[in-house]
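Here the structure comes first, spelled out in structure tokens, and everything after it is commentary.
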Number of protein chains: 2
Amino acid sequence: MRSYAVRMLDLSAGSRIAVLNAKTADSLGVVPWDRIRIKNGRQRATAALVEITKSLVSENQIGLPRLVAQELSIAEGESVSVEPIPPPVSVKHVHEKMRGKKLGREEIYAIVRDVVDKNLSELEMAAFVMAEHYKGMEQDELLWLIQAIADTGTRIDFDKPVYDKHSIGGVPGNKVSLIIVPIVAASGLLIPKTSSRAITSASGTADTMSVLAPVEFSAQELHKIASKLNGAIVWGGGLNLAPADDAFITVEYPLQLDPEPQMIASILAKKLAVGTDFLVLDIPTGEGAKIPTSEEARRLGNRFIETGIKLNMRIRCGVTYGGQPIGRAVGPALEAKEAMQTLEGAGPQSLVEKSTALAGMLLEMGGKAPKGNGQETAREILQSGMALKKMLEIIEAQGGNPHIRSEEIVVGSFKHSVTAPVDGYVTHVSNAAINEIARATGAPVEKGSGVVLHLKRGEKVSKGEPILDIYAERQSKLEQAYSLVAKLQPVTIEGMLLEEIPEY
Amino acid sequence: MRSYAVRMLDLSAGSRIAVLNAKTADSLGVVPWDRIRIKNGRQRATAALVEITKSLVSENQIGLPRLVAQELSIAEGESVSVEPIPPPVSVKHVHEKMRGKKLGREEIYAIVRDVVDKNLSELEMAAFVMAEHYKGMEQDELLWLIQAIADTGTRIDFDKPVYDKHSIGGVPGNKVSLIIVPIVAASGLLIPKTSSRAITSASGTADTMSVLAPVEFSAQELHKIASKLNGAIVWGGGLNLAPADDAFITVEYPLQLDPEPQMIASILAKKLAVGTDFLVLDIPTGEGAKIPTSEEARRLGNRFIETGIKLNMRIRCGVTYGGQPIGRAVGPALEAKEAMQTLEGAGPQSLVEKSTALAGMLLEMGGKAPKGNGQETAREILQSGMALKKMLEIIEAQGGNPHIRSEEIVVGSFKHSVTAPVDGYVTHVSNAAINEIARATGAPVEKGSGVVLHLKRGEKVSKGEPILDIYAERQSKLEQAYSLVAKLQPVTIEGMLLEEIPEY
């Protein structure tokens, strides 16, 4: 077998690759995405997917990402041998799922393990997710998927029951975790909240929290903070709770693909990893939300609940109104400000309602409030200032300023107000348009950027009154976002007289 | 906007990429497979898909494939600006197809153009092909796909009607083109045969022909050779006839995906590109072939015929027996040898039958034989030596040895014979096993390697008689292939008495 000198390359996006010169590939009879086995002189071997270059490495070289080189304990310039090998058995299982076959436990574990070990190409991961999308997953396949994703990640064990809250997402301005976590923690229940950064939205919970305090912690650090204070709000992506899920998301995102089994597995595997015993799931429902109708919300909620039972996780679902943004602010700093205002006792009513309703469900599950009285108890904890105090403790423990007040939170210095062109009532606020405009301001990368709505559905407005304010950190972004307002019409205003009967 | 120094990289597998440092990507708010617009200082701009590295390029650099750099007329070290942009409209159409929407003409053209221009990622191309697989394509969508693939490639115009022959493939040892082309060309009909290299088989027609003569030519060269001799057998991949199809194949292959619309489009677009007026399509049918039953073969054949009518292409389909290898030889040199033996008058009967039957259909379409008499005429041309003479002319025109005889063709010098363990009859020859064994010998990369079957289905054998010979260019490959024989049981031999009634 010929040998090749190793060149270090770190182009591995999601999979374990080896870069071969086109002539080397020809002589080996391999094409892109074929597999090769790479052996060093000391009998250690590993597999990689073939990428091909005409110039990056020469015919005598092989380009390896650091990860692969480390497994072979091999350094730049050392030599390795190479031979073509067939794909791992997990690839066969992906193909079987594509053809509609129900997979077994071992088959699903094989796929998930190879995803984590980067043995599957992004194409193969996408094919698996697309097969789920088109063919669905039976209930036991879903359970195995959840367990496999959790088993291949880090587990965190707490000494007492773990309470948690999760939203299936899709609605702008959903900062309720920053209010729910301190309410629940203040009640004495443990709620170690892990959250995500925005992928397509203008702010994820982790983005919003990062305005108030650092959010990147190890599993040990999260354990320490949450055990001490009963609460924390950290970025889950740094904890390696579900590395398989992280990998699946990298292919789901560009394809705008989020099949139900994968969505359920993504949520519940991460909950399993932190040992969640009691979960409240927020299912925002309505036009422009992920779930359009309450029938669909109920069906999905029941699937979550049933899956939870098999996982020893008690789940309650809250079907909430998701047809317009939650609260008024969209964008990391603006949302953090609104959440702090709410904790300080001056938040918008709808945000208080939603936060206390969901928090109340957890209080009831944890025996901190009698059944039917949870929201009332949550409201008392909020109004008493105990939730604010808890939030400031959490902020301090995570390394933020424990004396921060909402008015001190800095937002973008470039601002433009959009006013109502006519008298009337707000008949519609578009989630998609508000999200697109907020993204155009620079959110979530530019934390002070975003949008504040002055009006929500059903509210009355007079011509010339402000409808929404756009905030940005840069003039150019402000202009880009403003130019979208006319195009996207985020807020619809109509006269009170919607129709005349009989038609005249 | 910040600027970045260009570093040349040529890692672009199938799409137009730009490599950003992870920190640059964070500051721009982009993740892998997002799009960016890259501008040089002279107002030229182009788009690329984001790949991310931690070390290959620094925060001040951007890695660009030569193709992208050339479009910007920019050299190593020059500076460019970068901004995130939304995906092209074709991506929206891919997502629509994923959701089951029927696409219009312009939408399909947009996708195919962006495939050719490398604006779609491999993930997006795979998603489109998988959507075809799961959702199907209506007849007019298929027509637009064929036309779009042909329109975005090179066209070759001949001065007279073009005849052609194609097999949908899947059966080992199918060297019939090397016999059909000279028969048809010798009759005076023009048959400029473009063919492919093996992807998963042990020899494609282009691999087999390359044993006898070079097969890589430009469109002009093919035009010249075929116009002069009425025939040629070249590699189609070098002609840029259907660059979109070449791109789709790079994602279909690792996913073992070949949805019917894409398969039909792949074949007919390339035929459209060379101006085919009359096509005979070979549909090998049987256990272990692509098409298992003759009902399925008839349905597929009719879809081809109807599609052909809309494209002004007359198509006749030959449903042939594909349940075992065609002829006896599998592997480039062994197949070239068998084809030449057949032209010399000493080929196996089944190969003569199949070749003359399909050639005869073309002779009838071209008026060179009365209906029902085509095979007889083809046989006469073969037996007269006119086909051999024509083949040697074609070999000469393509730069091969015009005096070559079958016995001079060099095959692998390492050989092992497998013998029958019992007396009996051959009840089954497995296409998949023969293919896998032949690939293990080193074919098609090592041209002298492969397998020769001594027995076909229904033939009688005595214990100890040779069943098949394995040829290889290297001892190690010979052993690997031989070790597969016991495992895969390529030939099943059973006693004549299959069952006893009544059971005793």
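Here, each number is a calculation from the coordinates, and none is a lab measurement. Quantities reported herein were computed from a predicted structural model and do not represent experimental measurements. Because the Cβ atoms are built from the backbone with ideal geometry, glycine has one as well, and the counts that use them run over all protein chains shown.
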- Query: When only alpha-carbon atoms count, how far does the stretch A:414-494 stretch along each of its three principal axes, as whole angstroms with the largest first?
  - Reply: 34, 22, 19
- Message: If you average 1/r across every pair of different Cα atoms in the protein assembly as shown and take the reciprocal, what Kirkwood value do you get, in Å?
- Response: 31.9
- In what sequence, highest mean first, do B:392-399, A:294-301, B:168-175 appear when ranked by Cβ atoms within 10 angstrom? B:168-175, B:392-399, A:294-301
- Message: Under the convention of a label 7 Å out along Cα→Cβ, give the distances in nm from A:V89 to the same position in every other copy, shortest first.
- Response: 4.9
- Message: Can you compute the helix-only [θ] at 222 nm over chain A? Use -39500 (n - 2.57) per DSSP H run of at least 4 residues, normalise by all residues, nearest 500 deg cm²/dmol.
- Response: -12500 deg cm²/dmol
- Item | Compactness of chain B as Cα Rg over 2.2 N^0.38 Å, two decimals | 1.09
- Three-way shape call for the stretch A:89-136 based on the alpha-carbon gyration tensor, with the a/c threshold at 1.5: oblate
- Taking only Cα atoms, what is the 0 to 90° angle, nearest 10, from helix A:475-488's long axis to the longest principal axis of chain A? 70
- Kirkwood radius from Cα pairs of the stretch A:347-433 plugged into Stokes-Einstein at 10 °C, 1.306 mPa s, gives D in µm²/s equal to 97
- Task: Please order A:S177, A:S384, B:S406 by the number of other Cβ within 10 Å, starting at the fewest.
- Result: A:S384, B:S406, A:S177
- Given charges at beta-carbon only (K, R positive; D, E negative), |dipole| of the stretch B:3-85 in Debye: 160
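Within the stretch B:19-82, which GluC sites (Glu not before Pro) sit in a loop by DSSP and count at most 11 neighbouring Cβ atoms inside 10 Å?
B:E76
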- Loop sites in the stretch A:192-273: GluC sites (Glu not before Pro), DSSP, at most 15 other Cβ within 10 Å: A:E216
- Two pseudo-spin positions, 7 Å from Cα along C-beta at A:K101 and at A:R299, lie apart in nanometres by 2.9
- Relative exposure of A:D159, B:D469, B:D282, judged by other C-beta atoms within 10 Å (fewest first): A:D159, B:D469, B:D282
- Query: Which whole-number value in Å³ per residue fits the convex hull of the alpha carbons of the stretch A:36-190?
  - Reply: 219
- Query: Can you list, shortest first and in nm, the gaps between the label point of B:E106 and those of its counterparts in the other copies, using a point 7 Å from Cα in the C-beta direction?
  - Reply: 5.5
- Angle between the Cα long axis of helix A:219-229 and the longest principal axis of chain A, 0 to 90 degrees, nearest 10? 20
- Message: Just want the ordering: B:S187, B:S81, from fewest to most Cβ atoms lying within 10 Å of their own Cβ.
- Response: B:S81, B:S187
- Note on the structure: In the neighbourhood of A:L72 defined by beta carbon distances under 9 Å, the net charge of the other residues (Lys, Arg +1; Asp, Glu -1) is +1
- Taking the dipole of the protein assembly as shown about the Cα centre (Lys, Arg +1; Asp, Glu -1; charges at Cβ), the one of B:G345, A:H95, A:L67 that reaches farthest to the positive side is A:L67
- Task: Compute the semi-axes of the equivalent ellipsoid of the stretch B:3-85, taking the square root of 5 times each eigenvalue of the Cα gyration tensor, and list them largest first in whole Å.
- Result: 16, 13, 13
- Item | Kirkwood hydrodynamic radius (C-alpha pairs) into Stokes-Einstein, the stretch B:253-373, 37 °C and 0.692 mPa s, D in µm²/s | 205
- Note on the structure: Here, the stretch A:99-209 modelled as identical Cα point scatterers in vacuum has Debye log10 I(q)/I(0) at q = 0.11 Å⁻¹ of -0.54
- Note on the structure: From the Cα centre of the stretch B:349-407 to that of the stretch A:98-125, the distance in Å is 49
- At B:P421, label 7 Å along Cα→Cβ: distances to the other copies, nm, ascending? 8.3
- Task: Return one number: the angle in degrees, 0 to 90 and rounded to the nearest 10, between the long axis of the Cα atoms of helix B:332-343 and the longest principal axis of the Cα atoms of chain B.
- Result: 50
- Message: Considering only C-alpha atoms, what is the centroid distance from the stretch B:205-246 to the stretch A:64-95, in Å?
- Response: 36
- Note on the structure: Interchain or sequence-distant (5+) residues whose placed amide H lies within less than 5 Å of the amide H of A:R37 are A:E83, A:I85
- Query: Please identify the trypsin sites (Lys or Arg not before Pro) of the stretch A:1-51 that satisfy two criteria: DSSP loop assignment and at most 13 other Cβ atoms within 10 Å. Which are they?
  - Reply: A:R2, A:R42, A:R44
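About its Cα centre, how strong a charge dipole does the stretch A:414-494 have in debye, to the nearest 20, once Lys and Arg get +1 and Asp and Glu get -1 at the Cβ?
120
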